[in-house]
Amino acid sequence: MMDPNNMNAMNADNSVEEQAAYWFARLRADNASKADQRRFKTWLEKSPEHAEAYALQEEVWTAMQDSAVDDEIMAMRQNALAVSAGANNNSWMKYGAIAASLLIVIVSMVMLNPFGQMGVSDDADPSRQFAQGESQSSPIYRTAIGQRSTVNLPDGSVVELNTDSLVQINFSEDRRDLILLRGEALFEVAKDADRPFVVEADGKLVTAVGTTFSVRRSDDEVRVTLIEGIVTVDQDDSDTANPDAVSKKQLKPGEQLIAQGDLPFKVNVIDTAVATSWKDGRLIFDNEPLGMIVQEVNRYSSRKLVFGDPTLSDMRVSGIFQVGSVDSFAAALEASFPIRNSAPAGEGDIILDWKE
């Protein structure tokens with residue numbers, strides 16, 4: 001059993017799944033503190049694997065509450081609880097017992113569906129996780145590569161997740177906080193002047209009341225695109241290493257803010273329909289370098305496009321493409337440009353070269 005007072009020992013000696021189960025149980029304890037929340041946030045952002053493991057805990061918990069549990073699995077859970085409770089009666093053993101029961105259910109679900117993709121369905125309803133009078137959890141919603149998903153929040157707001165994305169929801173009575181841990185999301189915010197709607201992405205805070213905007217997080221860059229309404233973008237409360245950095249900007253519809261590390265914010269006027277075309281399953285490019293286009297297309301597929309000749313990356317390309325199929329994209333390039341594509345043995349990465 002992990003020592004709750006020694007997080008380093010936990011990280012070294014326990015699997016990611018065990019750590020996620022620990023945090024899932026700990027944050028639901030009556031005596032969970034703000035310090036626990038801070039430590040959890042540090043652990044969560046340390047690796048995408050941590051966020052994915054915690055998201056799996058949320059999914060398993062929902063499945064346990066929403067559907068009947070098999071008698072054999074229930075017996076396994078009860079045995080795990082009995083063993084843990086018999087070993088020690090302190091509260092931390094109780095949390096460990098809950099974690100153990102969750103892990104057993106995870107193993108059982110994997111055995112029943114070893115090849116299944118556990119993602120967030122389009123009709124996901126996180127409001128069921130917030131029972132009145134209970135301490136609110138911090139559910140995480142995710143999409144796999146090539147997947148898009150819609151999440152309906154309990155306040156009436158809607159989040160559309162793009163490919164390979166993770167978002168954590170932290171709602172309370174006086175605030176609506178979200179953390180974009182990875183990827184891209186479009187937010188349609190329900191108006192509530194008494195509860196600000198704040199999205200954090202890599203230390204940048206995007207605040208809105210009732211509006212529509214998107215946030216994309218990649219490497220050390222954050223892009224905020226405003227479709228309608230007004231949002232402000234600010235640094236978080238931590239000290240910045242750059243004294244000349246712009247600390248706050250207010251955007252108007254049609255503007256996109258680019259934040260890189262602690263550099264000054266940059267604001268450009270863009271076509272928002274193009275910037276958010278992914279939500280309709282399309283990617284629109286207007287005279288863009290092929291290198292940038294390939295980078296975008298690769299976000300939506302596990303199979304990647306690569307350049308056999310790097311000079312191809314400078315070619316300018318315009319077009320509208322469906323997301324998800326690099327094969328169709330490569331075929332379209334071959335049909336319209338002096339480009340040929342090939343894949344070794346008909347599988348693996350698709351290599352782009354100049355036609356001879």
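The values are calculated or read from the model by the stated rules, or taken from the named source; none is laboratory data. Since we're looking at a predicted model, the values are computed, not measured. Heads up, the Cβs are rebuilt from the backbone with ideal geometry, glycines too, and the neighbour counts pull from every protein chain shown. Heads up: the accessible areas ignore ligands, DNA and RNA and are worked out on the full protein's heavy atoms, side chains in. Shrake-Rupley method; radii C 1.70, N 1.55, O 1.52, S 1.80 Å.
The set of residues in region 170-180 that are at pLDDT below 95 and either within 14 Å of the chain's Cα centre (by Cα) or hydroxyl-bearing (S, T, Y) (or both) comprises N170, S172.
Out of the residues in region 299-328 that are within 18 Å of A144 (Cβ to Cβ) and among the basic types (K, R), state the one that is surrounded by the most Cβ atoms within 10 Å (Cβ to Cβ).
R299
The number of residues in region 195-239 that are acidic (D, E) and either open to solvent by less than 30 Å² (accessible area, probe 1.4 Å) or part of a strand (DSSP E or B) (or both) comes to 4. Condition check: at pLDDT 95 or above, under 22 Å from T276 (Cβ atoms) and under 12 Å from the mean Cα position of the chain (by Cα). Does R223 satisfy that? Against the criterion (at pLDDT 95 or above, under 22 Å from T276 (Cβ atoms) and under 12 Å from the mean Cα position of the chain (by Cα)), R223 does not qualify. For region 329-345, filtered to residues that are open to solvent by 60 Å² or more (accessible area, probe 1.4 Å) and of a type outside the set (S, T, Y), the residue that is farthest from V274 (Cα to Cα) is A345.
Just wondering, is there one or more residues in region 315-334 that are at positive phi and over 31 Å from the mean Cα position of the chain (by Cα)? Checking region 315-334: not a single residue is at positive phi and over 31 Å from the mean Cα position of the chain (by Cα). Among the residues making up region 260-294, a single one is open to solvent by less than 70 Å² (accessible area, probe 1.4 Å), more than 24 Å from the chain's Cα centre (by Cα) and of a type in the set (D, E): E288.
Within region 241-249, none of the residues are closer than 27 Å to T143 by Cβ and open to solvent by 30 Å² or more (accessible area, probe 1.4 Å). Answer yes if at least one residue in region 182-189 is open to solvent by 10 Å² or more (accessible area, probe 1.4 Å), assigned to a strand (DSSP E or B) and of a type in the set (A, V, I, L, M, F, W, C), and no otherwise. Within region 182-189, not a single residue is open to solvent by 10 Å² or more (accessible area, probe 1.4 Å), assigned to a strand (DSSP E or B) and of a type in the set (A, V, I, L, M, F, W, C). For beta carbons closer than 8 Å, sequence separation of 6+ or different chains, a first residue in region 290-310 that is without any contact (Cβ under 8 Å) to a residue 40 or more places away in the chain and farther than 15 Å from W354 by Cβ and a second that is part of a loop (DSSP other than H, G, I, E, B) and of a type in the set (V, I, T), the qualifying pairs are V297/V323.
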